Amino acid sequence: MSRGAAKKQFTMADLAEQTAGVECRKDADVIDEIPGAYKDIEQVMANQNDLVEIVAELRQVVCVKG
């Protein structure tokens with residue numbers, strides 16, 4: 001979803017809940033980065049399985065903003 005939509009839809013409580021156990025900023029300036037604002041990568045890949053061949057899978061281990 002767009003950053004604006006994420007800011008309208010999610011609350012600070014949502015941010016705290018979705019990032020529990022993750023070392024990160026938990027303030028209003030980063031609410032648009034809430035995990036719930038992103039598409040499910042498994043669904044994205046399933047939707048295009050006839051277009052791509054998965055040869056490797058990467059996992060994010062760190063994200064630095066600002």
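Every read-out reported here was derived from the displayed coordinates using simple, explicitly stated rules and does not represent laboratory data. Everything numeric in this text was worked out from a predicted model, so none of it was measured. We place every Cβ from the backbone using ideal geometry, glycine too, and count neighbours over all the protein chains shown.
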Quick one: what pairs do we get from segment 33-53, first residue of a type in the set (A, V, I, L, M, F, W, C), second surrounded by 10 or more Cβ atoms within 10 Å (Cβ to Cβ) and assigned to a helix (DSSP H, G or I), C-beta under 7 Å, 6+ apart or different chains? ILE34/ALA6; ILE34/ASP14; ILE34/LEU15; ILE34/GLN18; ALA37/ALA6
Residue check, ASP32 under 17 Å from LYS8 (Cβ atoms) and not aromatic (Phe, Trp, Tyr): yes
